[in-house]
């Protein structure tokens with residue numbers, strides 16, 4: 001997997017000060033996507049051990065609330081397979097930090113609604129998240145007043161409460 005960018009002090013993509021990892025690769029190609037350069041799976045740099053350690057070290061300070069995954073799309077199957085072991089390590093090292101993830105795919109019934117996004121890593125990756133911002137960006141539904149999302153069709157989902165209740169629970173940001 002490649003990544004397009006790592007931001008070590010991001011305040012736009014989740015609550016608090018965060019480390020944000022922008023992965024490369026997205027098949028959705030939403031009209032006027034804010035990060036179209038990251039559609040290409042080969043764009044950027046390899047998310048190798050050195051890059052992973054860089055992110056883990058950036059997560060260490062107490063003022064960092066957690067990790068945000070963006071893209072491209074973290075839920076492209078190729079990206080899920082690379083991210084799953086990394087997310088397990090984030091949870092092991094930083095059990096009190098939260099993990100947000102942005103995807104153009106739609107969450108439904110404990111999994112993603114689109115079959116092309118589902119692989120052997122999907123359920124476990126979802127289980128490691130605290131917040132999932134789901135749904136494609138839709139230019140016609142763009143609203144700059146929305147917190148943590150670009151268009152009104154997207155949802156900010158409290159993943160752990162959703163998993164335990166069996167119904168979509170929105171995160172109250």
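Here are the numbers for this structure:
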quantity: Matching residues in segment 12-32 - criterion: being closer than 25 Å to residue 66 by Cβ, in contact with a helix residue (DSSP H, G or I) (Cβ under 7 Å, 6 or more places away or on another chain) and not in a strand (DSSP E or B); calculated: 24, 25, 26
quantity: Top-ranked residue of segment 57-82 - restricted to ones that are closer than 16 Å to residue 18 by Cβ and under 14 Å from the mean Cα position of the chain (by Cα), ranked as surrounded by the fewest Cβ atoms within 10 Å (Cβ to Cβ); calculated: 66
quantity: Hey, residue 54 within 18 Å of residue 4 (Cα to Cα), touching a strand residue (DSSP E or B) at 6+ places or on another chain (Cβ under 7 Å) and surrounded by 19 or more Cβ atoms within 10 Å (Cβ to Cβ) or not; calculated: no
quantity: Tabulated pairs, segment 44-55, first free of Cβ contacts under 8 Å to residues at least 60 places away in the same chain, second part of a loop (DSSP other than H, G, I, E, B) and surrounded by fewer than 13 Cβ atoms within 10 Å (Cβ to Cβ), C-beta under 9 angstrom, 6+ apart or interchain; calculated: none
quantity: Pair list, Cβ < 7 Å and 6+ apart or interchain, from segment 121-148 residues that are in contact (Cβ under 8 Å) with a residue 40 or more places away in the chain to residues that are surrounded by fewer than 17 Cβ atoms within 10 Å (Cβ to Cβ) and assigned to a loop (DSSP other than H, G, I, E, B); calculated: 138/153; 139/31; 139/32; 148/173
quantity: Answer residue from segment 22-34, given it is surrounded by 19 or more Cβ atoms within 10 Å (Cβ to Cβ) and at pLDDT below 80 and is farthest from residue 106 (Cα to Cα) among those; calculated: 33
quantity: Index of the failed condition, residue 103 passing every other in (1) under 21 Å from residue 20 (Cβ atoms); (2) out of contact with any helix residue (DSSP H, G or I) (no Cβ under 6 Å at 6 or more places or on another chain); (3) surrounded by fewer than 21 Cβ atoms within 10 Å (Cβ to Cβ); calculated: (3)
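The values are calculated or read from the model by the stated rules, or taken from the named source; none is laboratory data. Only a predicted model underlies this, so the values are computations on that prediction, with no experimental measurement involved. Methodologically, a virtual Cβ is constructed for each residue, glycine included, from the backbone with ideal geometry; neighbour enumeration extends over all protein chains shown.
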